[in-house]
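Here is the structure we will look at.
Read-outs throughout are calculated quantities, based only on the coordinates presented, and are distinct from any laboratory measurement. Note that the structure is predicted; figures quoted are calculated from it, not measured. No Cβ is skipped: glycine too gets one built from the backbone with ideal geometry, and neighbour counts run over all protein chains shown.
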Amino acid sequence: NAGVTQTPKFQVLKTGQSMTLQCAQDMNHNSMYWYRQDPGMGLRLIYYSASEGTTDKGEVPNGYNVSRLNKREFSLRLESAAPSQTSVYFCASSEAPGRGPWAYNEQFFGPGTRLTVL
Amino acid sequence: GQQVMQIPQYQHVQEGEDFTTYCNSSTTLSNIQWYKQRPGGHPVFLIQLVKSGEVKKQKRLTFQFGEAKKNSSLHITATQTTDVGTYFCLNDYKLSFGAGTTVTVRA
């Protein structure tokens, strides 16, 4: 099993360009997530998909769109990149769709995409 | 904003010493998870705590969930160079990570 894969690993964009970050998991997980990581700020949730066919905004959704293409794939699109979107982007997945106290939602992370917007 | 606060932000430890990192919330947590991220790597799940007052151990790591379920701690004994990295707590219900504690070890 490859787990969670992300492409590309590195990307440099100019302000105003668009791009799509790809994420796929082969663990048959229901939930998938996109985070961005900036120094000193931990991981912040951009969007998540609790199950195939649903997507919800996280803490920092502005400037991004997502598509849950099927159960395996969850893509993140930057329509018009800005320097403030320079960050490391992580995709993650977890098995359970529920979010109660007893839901077991261990998240498995991909290797990340390091994005620089000039 | 962040639902959970982590302290300290940085921890410089002499090899062989113990240290503790804390995760605090102003609201009651359904459960809490801990992750470790090695330099240049991705976060890796360590543990999930659910019950009030719960204590779980993984070798030299001890995780605790407060009685009021508003705080959690990670205690590492006899720190080794393999403990280097950033430790994050996650309020799973809100999908909100703390800012992390970055640990460096002096040999």
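Ellipsoid fit via the Cα gyration tensor, chain A: semi-axes of 24, 14, 13 Å, each the root of five times an eigenvalue, largest first.
Mind checking which of A:84, A:31, A:75 has the largest fluctuation in a GNM of chain A, springs on alpha carbons under 10 Å? Looking only at A:84, A:31, A:75, the biggest GNM fluctuation is shown by A:84. Within chain A, the longest run free of chymotrypsin sites (Phe, Trp or Tyr not before Pro) that sit in a DSSP loop with at most 14 other Cβ atoms within 10 Å is A:1-101. Spatially, the range A:1-32 and the range B:1-39 are offset by 27 Å when compared through their Cα centroids. Here the 3J(HN,Hα) profile of the range A:113-118, calculated from phi with Karplus coefficients 6.51, -1.76 and 1.60 at θ = phi - 60°, is 10, 8, 10, 10, 10, 8 Hz, Gly and Pro shown as x. Site pair residue B:67 and residue B:30 shows an inter-label distance of 2.6 nm when each label is modelled 7 Å from Cα along Cα→Cβ. Between the amide H of residue B:69 and those of B:53, distances stay under 5 Å, these residues lying 5 or more places away or on another chain, with hydrogens modeled in the peptide plane.
Calculated FRET efficiency, residue A:26 and residue B:56, Cβ-Cβ r, R0 35 Å, to nearest 0.05? Spell out each step's value before the answer.
Values: r = 29 Å, r/R0 = 0.83.
Working from the Cβ atoms, E equals 0.75.
Within a straight-line Cα-Cα reach of under 28 Å, residue B:69 can be paired with the following lysines, leaving aside sequence neighbours fewer than 8 residues apart in one chain: A:57, B:36, B:51, B:56, B:57, B:59, B:94.
What longest region of chain B stays clear of trypsin sites (Lys or Arg not before Pro) that DSSP places outside H, G, I, E and B and that have at most 14 other Cβ atoms within 10 Å? Don't skip to the answer; put the middle values down first.
Numbers: sites that count: B:51, B:59, B:60.
For trypsin sites (Lys or Arg not before Pro) (loop position, at most 14 other Cβ atoms within 10 Å), the longest site-free span of chain B is B:1-50.
For residue B:44, the residues whose amide H sits under 5 Å from its own are B:36, B:37, ignoring neighbours fewer than 5 places away on the same chain, with H placed 1.01 Å from N. Each peptide in B:96-102, A:76-82 gets a packing score, the mean of other Cβ atoms within 10 Å over its residues, and the list from highest to lowest is B:96-102, A:76-82. Legend: Rg and Dmax of chain B, from Cα coordinates, 13.0, 39 Å.
Full extension of the chain segment joining residue B:9 with residue B:75 gains 22.3 nm, where the gain is 0.36 nm per residue of separation less the Cα-Cα distance.
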